[in-house]
Amino acid sequence: MAKKITVEQLKPGMYVSDLGADWMDHPFLRSQFAVKDEATIRKIVDTGIREVYIDPARGLDVADAPTEHEVRKEIEAQMFRVAAEPAPVRHVRTSEEIGRAKVVHGEANKIIHNIMNDVRLGKQVQVEAIEPVVEQMTESILRNAGALLSLCRVKNKDDYTFQHSVSVCALLVAFCRAAGLDAQTIHLAGVGGLLHDLGKIKVPTKLLNKPARYTEDEFTQMKNHVVESKKILDVTDGISEISIQVAFEHHERYDGSGYSQGLKGEEISKMGRMAAICDVYDAITSNRVYHKGMAPHEALRKIFEWSKFHFDPLLVQQFMRATGIYPVGTMVMLESGRIAVVLEQAEVSLLQPLVKAFYDSRQMIYIEPTEVDLAKPLGHGGGDKIVGYETPEKWGIKLEQFI
C-alpha cells in the first residue's frame, strides 16, 4: 500500500509511486520511478512538488506515514461535508437541454478551430465572432449546466486542443455562475476560457500531438504557450483584462510553483485561480495517447487534495458545487446493488442526485430503466443511496444510451 510523505522525508532508495501533481505540471518522463540520488530529490523540490506517494514494497519506508487509503478516506470526508450543500438551481432537465447543448458544443468547437487557424495564418482574433457562441454556451449552462458539461468530457486525440478550449470555457462559465459572479464577468471569463490556449499555435504540431511524455526541453517549450497567448491577446481589439488573465495565469499555482510568472496566493487574479482549477480538471479527466483520463470523482478528489498547495481551497469547494461530486453522466453503484447513471444534481444536496438505475449487478442483468430520486424516501421515488463509483469499461456498458 502506497504512503504519502513530504518531500523533506524523501530519500535515495525510496520508490515514488505518484508525484502528487498534475502530469502537465512536472517535467518527469514518468510519474513512478526509483529515487537514486539527491539530485533527483532536488529536481522534485525545484518543480514545486511538496508531497509524494511512495511504495514501501519497492523501496525504503516511512513507518508513521499515512497510507493512501487513509489519505483518501480523510479527503473524501472533507469533500462530502462540502457536498452536503445545495447545487446551483437548474431550470430545465438534462434530457430537455441535451439537444441544444450538442448544437452549441459543435458550434464552439468549429469557432475555436477557425480562430486558431486564422491566427496561425497571421490574422487577428475576431472577438465579435466568439461572443455569440459564448453567450449560447452561457445560456445553456444557466438552463442546465450538466448537459453541456457532460458533452465536454468526450474528446478525441486529434482535436484535443480545440475540445479542451471549449471544455475550459464551459467549466469556467459554470464555475463563475456557482460563485455568484455577475453576467458580464461570466461572459468575459467564457471568452478567456475559449481563447486560453491560443498560444499553442506557436508550438510545433508534432510536439502538441507527441504520443509520449515531453523531455525537459520540450516541457520548457510547451510552457511558453501562456506567454504567446498573452502576446496575441494584447494586440487583439475588444479583448478584456479578465479574458487575458484567464489565458496568462491558468498555469500559476497558489503556492507560487506555477508558471510563467511564479505568482503566489492572491497575487494571482481570482479569475486566474479559477481558470487553473478548470484547466487541470479537464486535462486530468481527458484521455490522451500517453495518459488515461481519471473519472470525474477521482479528478475532484485529486484537485481537493492538491488544494493544500496548488489551488485556492475555497475556490476548489465552489468548483465542486458547480460540477457536483457526482457529475451528470457519472456511473454509480447504489446500495441496492443496482448500477445507475447520474441525470441531475439534487437541489437539496450534491450527495443525493437524480439517477437512472438500469442494471442489476448481483444478477448481472439489465433491468427496466428506472429514475430514482435519492433525495426522496422509499415509496416516493427514492429509498436508495450511492455507495461507490463504477466505470462503463468494467461492466461493458455503453452509458450514452441511458442518459
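Every number here is computed from the coordinates shown, using simple stated rules; none is lab data. What you are looking at is a predicted structure, and each value in this text was computed from that prediction instead of being measured. In this analysis, Cβ positions are derived from the backbone assuming ideal geometry, glycine residues included, and neighbour counts consider all displayed protein chains.
Data table
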| item | result |
| --- | --- |
| Long-range amide H partners of Leu350 with built H, under 5 Å | Glu85, Ala87 |
| Extension gain, Ala57 back to Ala39 (0.36 nm per residue minus Cα-Cα distance, nm) | 4.2 nm |
| ³J(HN,Hα), Karplus 6.51/-1.76/1.60, whole Hz, each residue of the stretch 366-374, x for Gly, Pro | 6, 10, 4, x, 9, 6, 10, 8, 5 |
| Estimated inter-spin distance, Glu131 and Thr185, nm [label 7 Å along Cα→Cβ] | 2.0 |
| Tyr359 long-range amide H proximity, modeled H, under 5 Å | Ile339, Ile367 |
| Neighbour-count order for Tyr389, Tyr214, Tyr281, Tyr359, fewest beta carbons within 10 angstrom listed first | Tyr389, Tyr214, Tyr359, Tyr281 |
| Alpha carbon centroid spacing (whole Å) that separates the stretch 342-361 from the stretch 207-225 | 40 |
| For the chain, share of DSSP beta bridges that run antiparallel, in % to the nearest 5 | 100 |
| Largest-first principal axis extents of the Cα set of the chain (Å) | 60, 59, 36 |
| Pairs beyond 20 Å (Cα-Cα), from Lys4/Lys73; Lys73/Lys385; Lys230/Lys292; Lys376/Lys398; Lys73/Lys264; Lys356/Lys398 | Lys230/Lys292; Lys376/Lys398; Lys73/Lys264 |
| Packing-based ranking, highest mean first, of 226-232, 246-252, 362-368 given that Cβ atoms within 10 Å are counted | 246-252, 226-232, 362-368 |
| Exposure proxy order (Cβ contacts within 10 Å, fewest to most) of Cys176, Cys169, Cys152 | Cys152, Cys176, Cys169 |
| Taking Asp55, Asp197 and counting other C-beta atoms within 10 Å, the order from fewest to most | Asp55, Asp197 |
| MRE, 222 nm, helices only [DSSP H, n ≥ 4, -39500 (n - 2.57), over the chain, to nearest 500] | -14500 deg cm²/dmol |
| Value of relative contact order over the chain, rounded to a whole percent, pairs C-alpha under 8 Å and six or more apart | 15 |
| Residues with amide H under 5 Å from that of Asp18, placed H, sequence gap 5 or more | Tyr53 |
| Segment Glu216-Ser95, length gained on full extension (0.36 nm per residue, minus Cα span) | 39.0 nm |
| Rg to Rh quotient for the stretch 3-66, alpha carbon positions, Kirkwood Rh | 0.91 |
| Relative contact order of the stretch 173-325, defined on C-alpha pairs under 8 angstrom at six or more residues apart (%) | 23 |
| Stokes-Einstein diffusion coefficient of the stretch 304-403, Kirkwood radius over Cα pairs, 37 °C, 0.692 mPa s, in µm²/s | 229 |
| Value of Rg to Rh for the stretch 178-285 (Rh from inverse mean 1/r over Cα pairs, i.e. Kirkwood) | 0.97 |
